[in-house]
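Student: Sharing a structure here in structure tokens format.
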Amino acid sequence: MDIANASMYDGSTAMAEAVLMAERVTKRSKVVASAAIHPQYLEVAHTYVQHAGIELQHAQFDSNTGQTLVDSIDDQTAAIVVQSPNFFGCIEDVEALAEKAHAKGALLIVAITEAMSLGLLRSPGASGADIVVAEGQSFGVPLSFGGPYVGLFAIREKYARQIPGRLVGEAYDKQGRRGFVLTLATLEQHTRREKATSNICTNEGLIALAATVYLETMGRRGVQEAARQCAQKAHYAAREIAKVAGWSLPFSGPFFNEFVVRAPSPAAPLLDRLAREKGIDGGIALSRFDANWPNDFLVCVTETNTRAQIDALVAGLADLSKS
């Protein structure tokens, strides 16, 4: 992407701000958001738009692939919003979605909750996205029981005057020394007040600094290696779990380091037993978000997981199916 702002609160509010920005850019009031976006991100977006005159529609996902299906876009649509990898871990076809959006004069907003995926997957910007937002927690930021985290927000240059938050520009003094200054500032605490593009009045500067230190330490090759290990270990885990009788992978779409597993019975009590009896955190039961997914749970594997840990998870699931 051409321009990134000087951070947002987190990934969810960054996505909501992107929806508001799309309405300002296109002067249209309908936004189509994928149902495969994290439910909590969708809740935040709804909170932002419910009194802003923006209609937030949901595009369903394919029950076989886990990827988004978009068929309700028209010339009143401001943007399509997708998450990739999505809530189920599946990688969306961003390029195809960009073509659909642009054919109707709409923007494509891509949200990324697992920023480490950028070390391996083709970037949304290279695939045609107009606004890209992300949660930067994976870049060396501790979970800390839910925050603070850091929201990333990047755009095409032609939309620079509509971006929320702060922009930092490079400048030179009369002696030729390089410096950095706030530029195109339209925040409400400055001069424009109610005409400002956004009411966000701070950012997570400390967390952004921590993420910068992590990225500088890891370097390009380090991030790529971490991403490769995430993908390889996750795919190993998925293959081994699929071999266990009674356990299956409901979605066929490509994934990065998260994937859905379908248990032979309701997942929540099984995961509780796995934690209690084996000391293993097997994943998140999706019934927490939708009662229509009683047996499904989301598994995440990162570069920090060892083969022994993955094998212990597989063995633990096998033991559960026996008892």
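Student: Working out 0.36 nm times the residue gap between residue 4 and residue 215, then minus their Cα-Cα distance, what length gain in nm do you get to one decimal?
Tutor: Once the chain is fully extended between residue 4 and residue 215, it gains 74.4 nm.
Student: For segment 211-228, what does the Karplus curve 6.51 cos²θ - 1.76 cosθ + 1.60, with θ = phi - 60°, yield as ³J(HN,Hα) per residue in whole Hz, taken in order and with x for Gly and Pro?
Tutor: So the Karplus estimates, Gly and Pro as x, are 5, 5, 4, 4, 5, 5, 6, 5, x, 4, 5, x, 5, 5, 5, 4, 5, 4 Hz.
Student: Same structure again: Leaving out ligands and nucleic acids, note down the accessible area per residue over the chain with a 1.4 angstrom probe, in whole Å².
Tutor: With the other protein chains kept in place, the chain gives 49 Å² per residue.
Student: Taking the alpha-carbon centroid of each part, what is the distance from segment 2-54 to segment 63-88 in angstrom?
Tutor: If you average the Cα positions of each part, the centres end up 14 Å apart.
Student: Looking only at segment 64-154, where both bridge partners belong to it, what percent of the DSSP beta bridges are antiparallel (to the nearest 5)?
Tutor: Percent antiparallel among DSSP bridges in segment 64-154 is about 30.
Student: Can I ask one more? Quick one: which residues, 5 or more positions from residue 59 or on another chain, have an amide H under 5 Å from its amide H? H modelled 1.01 Å from N in the peptide plane, none for Pro or chain starts.
Tutor: 33, 34, 35
Student: Would you please give the residues with an amide H less than 5 Å from that of residue 296, counting only those at least 5 places away or on a separate chain, with H modeled from the backbone geometry?
Tutor: 263, 267, 286, 287
Student: Sort 73-86, 151-164 by the packing proxy (mean of other Cβ within 10 Å over each peptide's residues), most packed first.
Tutor: Ranked by mean Cβ neighbours within 10 Å, highest first: 73-86, 151-164.
Student: Let me check against my output: what whole-number percent is the relative contact order of segment 227-310, with C-alpha pairs under 8 Å and at least 6 apart?
Tutor: 33 percent
Student: Quick one: of 100/233; 100/243; 104/233; 233/278, which pairs are farther than 31 Å apart, Cα to Cα?
Tutor: Where the Cα-Cα span goes over 31 Å, the pairs concerned are 100/233; 100/243; 104/233.
Student: Applying a 10 Å radius around every beta-carbon, put 126-132, 301-307, 231-237 in order of their mean neighbour count, most first.
Tutor: Top to bottom by mean Cβ count within 10 Å: 126-132, 231-237, 301-307.
Student: Here's something else I'd like to know. In terms of modelled amide H atoms, which long-range or inter-chain residues lie less than 5 Å from the amide H of residue 79?
Tutor: Residues meeting the criterion, in which the H sits 1.01 Å from N, are 32, 107.
Student: Can you tell me the relative contact order of the chain? Whole percent, Cα pairs under 8 Å, sequence separation 6 or more.
Tutor: 18 percent
Student: Quick check on the chain: of the DSSP beta bridges with both residues there, what percent are antiparallel, nearest 5%?
Tutor: Just about 55 percent of them are antiparallel.
Student: With each run of n ≥ 4 DSSP H residues scored as -39500 (n - 2.57), what mean residue ellipticity at 222 nm is computed for the chain after dividing by its residue count and rounding to the nearest 500 deg cm²/dmol?
Tutor: -10000 deg cm²/dmol
The values are calculated or read from the model by the stated rules, or taken from the named source; none is laboratory data. Values in this document were obtained by computation on a predicted structure and should not be read as measured data. Neighbour counts run over all protein chains shown; Cβ positions are idealised from the backbone, glycine included. Note: accessible area is taken over every heavy atom of the protein model, side chains too, but ligands, DNA and RNA are not part of it. Shrake-Rupley method; radii C 1.70, N 1.55, O 1.52, S 1.80 Å.
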